[in-house]
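Novice: Starting off with a structure, shown below.
Please treat every number below as a calculation from the coordinates, not as lab data. Just so it is clear, the structure is predicted and the values come from calculations on it, not from any experiment. Reconstructed Cβ throughout: ideal geometry from the backbone, glycine too, with neighbour counts over all protein chains shown.
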Amino acid sequence: MERMFAGFKLGTVQLVNRFVFPPVKLAYGNPDGTVTNRQLEFYRQIAKNGPAVLILEPVSVTVEGKEHPRQLCIHPPQSATELKKIVEGIQNEGRLACLHLNHAGAAANPKATGAKPRAPSVITCPASGQESEPLSEEEIQKILAAYQSAAQKAVEAGFNLIEIQAGHGYLLSQFLNGKVNKRTDRYGQNRLLFAKEVLSVVRESAPDIRCIARISGHEMSPEFGLPQEDLLPFLKLAEEMGMSALHVGMGNACFSPPWYFHHGSLPEKPQMDALSWLRAKTSLPIIAAGRMGRKERIEEILAKGLADLVALGRPLIADPELIEKWQKGENEKVMPCGYCLQGCLHRVRSGEPLGCNLNPQIGLPPLQRAPQARRVLIAGGGPAGMSAALYMTRRGHRVTLAEKADHLGGQFTFAWQAPGKKAMKEGLERLKGAVKESGVSILLERTADAALVQELKPDLLVWATGTFQNIPEIPGLEHQHTIAALDFFTGERKVQGPRVLVIGAGRTGIEIAERLGQDGYEVVATKRTDPIGGMMEMITRNLTLKRIGQMPKVVLMPHTTVKNFFPRTVDVEQEGKRMSLEPFQTVILASGMVSAPEPDEEIRKRVPKIERIGDARDVQDIFAAIQAGYQLAVKY
């Protein structure tokens, strides 16, 4: 364990520990590329007693290479001055700042660039659905000049290191890859040429700054990904050009996004195999990136010699104090990342700033004590109620949390039970632990009724009572063996087979359909609209649908409304066409949730102030519920 906290020398640069913060897309910046206070606070949070090196979020060397509108930039005249603000913030915490340079090529976002993506050849990036146009030699020279300028600005801004993105299906990788680089000029005849020129101009323009090359250990796309053997010339080039390390992730941003973003449901073995392969092919130090937030896994990788350094991205977003807690032996106090991509990637892809399901304070100033301490009663111990209890207590309020069940958690208790989400359970347990440790008075198996309000006399009642199942009005449904979605996860009502109908193939519905398919049931899941699995994070949805697609007994029926249940048939209507299905032994209702009723008049007349939050106000998701509790604390 001590090895991960020991120093390490990267070329001539001394590191205080073996941890690196990788380039995580934040979307905190201004559209003109200038730095915001939230960016400064974010990097300060991560740097404090944190990883030895913080690599800034991807910085595009040109406008045409951007991936999202709020991406940091280095091409505007003021960029060195702006980036210096972040650099100084990191260095003031005793940590090193690294500039990550990239051009997205075919993966560029037209909404951010205002133009079609440019790449070595015509490439359609499935992740964006955009077709690129081939770069001319003149445009290639302009990009090289942009890398040169970026390196010069790195010197001006005071960066300690520079990282060059040469993998993950971005522009350098696209030139290296014979499956997508179909050029007939010198950049096609010698696919290593562009990478060599980029490394050369960066090294020449910043001779005193050590450089890191970022690559994919395996792009995990047999049809379009860069084969490992085609990576060998670049590994040799990186050694010859004096790179100080290889930063190794997985996947391709266009052709295998789940691996690029290290989704929690994917197996770990391919990554371990890729690290092992690389270790045998290069003498350069290796930084292992992707799902490294469990200490036991880091210890295994370092002990086996598969890596010299470890990158922690999302785990440090979930808990910026992670490294410090590990070093102190406070493992049980770590808020673990569930690798669900819901609060981080999903938001950035949607044009919103990065967040975290379990850490609503990321990038925000610390909470201050409230000017006036209030007596607060919180009704409901789900995500919103627990969040409100935790953060209002930190503000100095006297909080009582009443939960009608015999445990905290609400719907969060069931979220981790869906296929591929087991890692989320640790986050639930830590959140419950944090609430219990905060000094909140917790009343289990107690409803927040008028009598409790009369007894406690709160200044503020927080109504976080969650939701209940929406029951569709379908003739004959009352004669079926039905199970509400939440009851399915509790196991209180048993599924009868072999045939099961799931009404509502949204996020919860397809998770239920997959689990039933795994158990061998014949499943039909209907949804009145499309897309199937709406509101799910896109990568999670695609992986779920891919797994379901391999289950011959599971049928998904979008644009389908269940009309009638009869003793021997079930009538449905799909896109205006009526049809009859064979009967089902169980009907599972996943047809949406409805906010619980508001406080009654007896409660209202006994408390001066009431706030409704979470699903009790607006049915959304765990991220929104946790945020609602935190924002309420900020308000009071």
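Novice: For Q78 and K333, compute 0.36 nm times the residue count separating them, minus their Cα-Cα distance, and round to one decimal in nm.
Specialist: 87.6 nm
Novice: Rounded to a whole number, what is D in µm²/s for the stretch 376-424 from Stokes-Einstein with the Kirkwood radius over alpha-carbon pairs (37 °C, 0.692 mPa s)?
Specialist: Rounded to a whole number, D works out at 281 µm²/s.
Novice: What do you get for the angle between helix 79-91 and the principal long axis of the chain? Use alpha-carbon atoms, 0 to 90 degrees, nearest ten.
Specialist: Compared with the principal axis, the helix lies near 70 degrees.
Novice: Could you work out how much longer the chain between E156 and Q141 gets when fully extended? Use 0.36 nm per residue separation minus the Cα distance between them, nm to one decimal.
Specialist: Full extension from E156 to Q141 adds 3.1 nm.
Novice: Take every Cα pair under 8 Å in the stretch 409-551 that's 6+ residues apart, average their separations, divide by the length, and report that relative contact order as a whole percent.
Specialist: 19 percent.
Novice: As I understand it, the value is the acute angle between the Cα axis of helix 622-635 and the longest principal axis of the Cα atoms of the chain; what does it come to in degrees, rounded to 10?
Specialist: Rounded to the nearest ten degrees, it is 90.
Novice: For the modelled label position 7 Å from the Cα of K48 along Cα-to-Cβ, which residues of the stretch 343-383 have backbone nitrogen atoms closer than 14 Å?
Specialist: Output list for this probe position: 361-369.
Novice: Working from Cα positions, state the angle (0 to 90°, nearest 10) between the long axis of helix 538-549 and the longest principal axis of the chain.
Specialist: 70 degrees
Novice: Something else: Restricting to Cα pairs below 8 Å that are 6+ residues apart, what does the relative contact order work out to for the stretch 304-436? Please round to a whole percent.
Specialist: 24 percent
Novice: Need one number: convex hull volume per residue for the stretch 181-249, Cα atoms only, in Å³.
Specialist: Here the figure is 87 Å³ per residue.
Novice: If you take all C-alpha pairs in the stretch 428-503, what percent of them are over 15 Å apart?
Specialist: That fraction is 75 percent.
Novice: What is the stretch 477-591 by shape, rounded, prolate or oblate, if you read a ≥ b ≥ c off the alpha carbon gyration tensor as root eigenvalues and call it rounded for a/c under 1.5, prolate for a/b larger than b/c, and oblate otherwise?
Specialist: In terms of gyration-tensor shape, oblate.
Novice: List, largest first, the extents of the alpha carbons of the stretch 127-281 along their principal axes, each in whole Å.
Specialist: 42, 34, 27
Novice: Around G592, under 11 Å between beta carbons, what's the net of Lys plus Arg minus Asp minus Glu among the other residues?
Specialist: +3
Novice: For the stretch 459-509, divide the Cα radius of gyration by the Kirkwood radius and give the resulting Rg/Rh value with two decimals.
Specialist: Answer for the stretch 459-509: 1.09.
Novice: Using only alpha carbon pairs under 8 Å that are at least six residues apart, calculate the relative contact order of the stretch 2-349 and give it in whole percent.
Specialist: 16 percent
Novice: Kindly list the residues of the stretch 380-414 that lie in the label zone of R369, defined by a backbone N under 16 Å from the point 7 Å along the Cα-to-C-beta vector.
Specialist: Those under the cut-off are 392-399.
Novice: Stretch V122-K635 to full length: gain in nm at 0.36 nm per residue minus the Cα-Cα span?
Specialist: Full-extension gain reported as 179.5 nm.
Novice: Then there's this: Which links in K295/K325; K111/K421; K25/K546; K25/K432; K48/K333 stretch past 21 Å when you go from one Cα to the other?
Specialist: Beyond 21 Å between Cα atoms: K111/K421; K25/K546; K25/K432.
Novice: Put a dot 7 Å past each Cα toward the Cβ at K425 and E573; how far apart are the dots in nm?
Specialist: According to this spin-label approximation, the distance is 4.4 nm.
Novice: Quick one: if you stick a label point 7 Å off each Cα along the C-beta vector at H559 and E473, how many nm between them?
Specialist: Label-label distance for H559 and E473, simple model: 2.7 nm.
Novice: Sketch the reach of a paramagnetic label on Q496 as a point 7 Å from Cα along Cα-to-Cβ, and name the residues of the stretch 579-607 whose backbone nitrogen lies under 19 Å away.
Specialist: 581-590
Novice: Please give the charge dipole size of the chain, origin at the Cα centre, charges +1 on K and R Cβ atoms and -1 on D and E Cβ atoms. Round to the nearest 20 debye.
Specialist: 660 debye
Novice: Now for a different question. Mind ordering 9-17, 575-583 by average Cβ neighbours within 10 Å, highest first?
Specialist: Ranking, from highest mean packing down: 9-17, 575-583.
Novice: Which of rounded, prolate or oblate describes the stretch 2-349 when judged by the alpha-carbon gyration tensor and an a/c cut-off of 1.5?
Specialist: Verdict is rounded for the stretch 2-349.
Novice: Return the unpartnered cysteines for the chain, using a Cβ-Cβ cut-off of under 4.7 Å.
Specialist: C73, C98, C211, C337, C340, C344, C356
Novice: Per residue, how much space in cubic angstrom lies within the convex hull of the C-alpha atoms of the chain?
Specialist: So the per-residue hull volume is 164 Å³.
Novice: Moving to a separate point now. Need one number: % antiparallel among DSSP beta bridges in the chain, to the nearest 5.
Specialist: Beta bridges within the chain, antiparallel portion: roughly 20 percent.
Novice: Only counting other Cβ atoms within 10 Å, I'd like I140, I471, I164 sorted with the fewest neighbours first.
Specialist: Starting with the residue having the fewest Cβ neighbours, the order is I471, I140, I164.
Novice: I'm checking a number: the convex hull volume of the Cα atoms of the stretch 308-356, normalised per residue, in Å³. What is it?
Specialist: Output value, Cα hull per residue: 84 Å³.
Novice: Sticking with the crude label model, points 7 Å out along Cα→Cβ, report the distance from K111 to D32 in nm, one decimal please.
Specialist: 2.3 nm
Novice: Go ahead and estimate [θ] at 222 nm for the chain from helices alone: -39,500 (n - 2.57) per DSSP H run with n ≥ 4, summed, over the residue count, rounded to 500.
Specialist: Theoretical 222 nm ellipticity from helices: -9500 deg cm²/dmol.
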